[in-house]
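In what follows, a single structure is set out as structure tokens and then discussed.
Only the coordinates and a few stated rules stand behind these numbers; no lab work does. Because the structure is a prediction, the values reported are computed rather than measured. Quick reminder, even Gly has a Cβ in these numbers, built from the backbone with ideal geometry, and neighbours come from all protein chains shown.
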């Protein structure tokens, strides 16, 4: 699907035009003129031929939900429902809608109780008409909603994807990722990081021919839909089009809640293959830095987990991912075996009672401790969750005490640290330079 194609109508298009006017004016206060010329060190033009055309922002396709059997669309006003590529079959329907997928097609029951069936061979697009308010799971969405049937002739589940301009998407990310009371400077730094990650992931997925660009959850970036958070909206408007780059390309700007004082490296945390060499970019490797994230409730933490519970989760995690740890039946000790250049553990050795050992990376271990994707394994409660990969383990009888630093993978920007820097008067540019050394800040559109 063309990234530059218009996909919203009525209120959304007018709303987007207003955003561009605001953003062009606000860019001056950030140190960039509306013509996108940089005026601060480290800020440069990216793609000069496109730099002055702010309206040419890309659309992004956000997967809101996967493998749904049905969905309720319960906003206000009429919506236009159209099978993709079949405009002649478009119908104006009254909300709320109940939509399901059967062998005969998409079954839509509208607010008047009228039942309609649409072809299941293509996705179904739903767009608010005029000033209609479209909501899913109580969240408002200003973009076009595509219900995309899963592959398979007998499949009766579908994905829900929202397509909208990326500058309308980003406030919903910031509103979900940061506390509403946090400083504007922290929001602006997060906006640039989130935009960079989104554009990188969008490019990666489109090169693979994917039907969506990014997950609307913590699998990529948490997303709240349209938001009334004024700080989030202002931060996006002030930074419109700004991204971080490294070695000539947009940086995959990872970030997490709390680093605990020691950063992780992307190259240790995720695979580095010919298809993911972006994880070698210098700005997202560990480096010595001061990080004042002590205000985070997870700067330091401790949980106690039954050894038998960890053994079951490790085995299930190994089976799910095809790893040798699937053979584990007991846990005796867990100890760091590799460290990154600043002393944060990057890999651990797990031993059982008979002396067998298995190696897991720090991120694998964090995920394995919380794994619940198998029969009989429930999701650990918030109080029992292992929250980072920077860990120490102590065996006490049938329990293992887990002491941790931070919350999240620890790569790139630390959100609590960014807020602390903002409170101390640091600019968004200074915050980003602190967490992504050697990265450039450039205008991408």
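Applying 0.36 nm per residue to the separation of residue 339 and residue 107 and subtracting their alpha-carbon distance, the gain on full extension is 78.1 nm.
Can you give the FRET efficiency to the nearest 0.05 for residue 272 and residue 381, using r as the Cβ-Cβ distance and R₀ = 30 Å? According to the calculation, E is roughly 0.30. Within the listed set 115, 61, 405, the Gaussian network model of the chain (springs between alpha-carbon atoms below 10 Å) gives the highest mean-square fluctuation for 115. If you find the alpha carbon centre of the range 72-94 and of the range 384-445, how far apart are they in angstrom? Between the Cα centre of the range 72-94 and that of the range 384-445, the gap is 43 Å.
Computed with the Debye formula from one identical point scatterer per Cα of the range 300-405, without solvent, the log10 of I(q)/I(0) at q = 0.12, 0.17 Å⁻¹ comes to -0.35, -0.72. One Cα centroid belongs to the range 99-159, the other to the range 311-326; the line between them spans 37 Å. Principal axis extents of the Cα atoms in the range 146-304, from largest to smallest and rounded to whole angstrom, are 54, 44, 41. Spread over its residues, the convex hull of the C-alpha atoms of the chain is 153 Å³ per residue. Gain on full extension, evaluated as 0.36 nm per residue between residue 204 and residue 74 minus their Cα-Cα distance, stands at 43.5 nm.
Packing order of peptides 232-245, 380-393, highest average first: 232-245, 380-393 (average count of other Cβ atoms within 10 Å over each peptide's residues). When the Cα convex hull of the range 70-156 is projected onto planes of every orientation, the mean area is 5.3 nm². Once C-alpha pairs closer than 8 Å and six or more residues apart are averaged by separation and normalised to the residue number of the chain, the relative contact order reads 17 percent. A simple spin-label model places pseudo-atoms 7 Å from Cα toward Cβ; at residue 427 and residue 230 they are separated by 2.5 nm. Comparing 265, 228, 361 in a Gaussian network model of the chain, where Cα atoms under 10 Å apart are tied by springs, the biggest mean-square fluctuation is seen for 228. Between residue 357 and residue 116, the simple spin-label model (points 7 angstrom out along Cα→Cβ) gives 6.5 nm.
Spin-label pair residue 395-residue 326: with each label point 7 Å from Cα along the Cα-Cβ axis, the two points sit 2.5 nm from one another. Largest mean-square fluctuation among 126, 431, 342, in a Gaussian network model of the chain whose springs join Cα atoms under 10 Å apart, belongs to 342.
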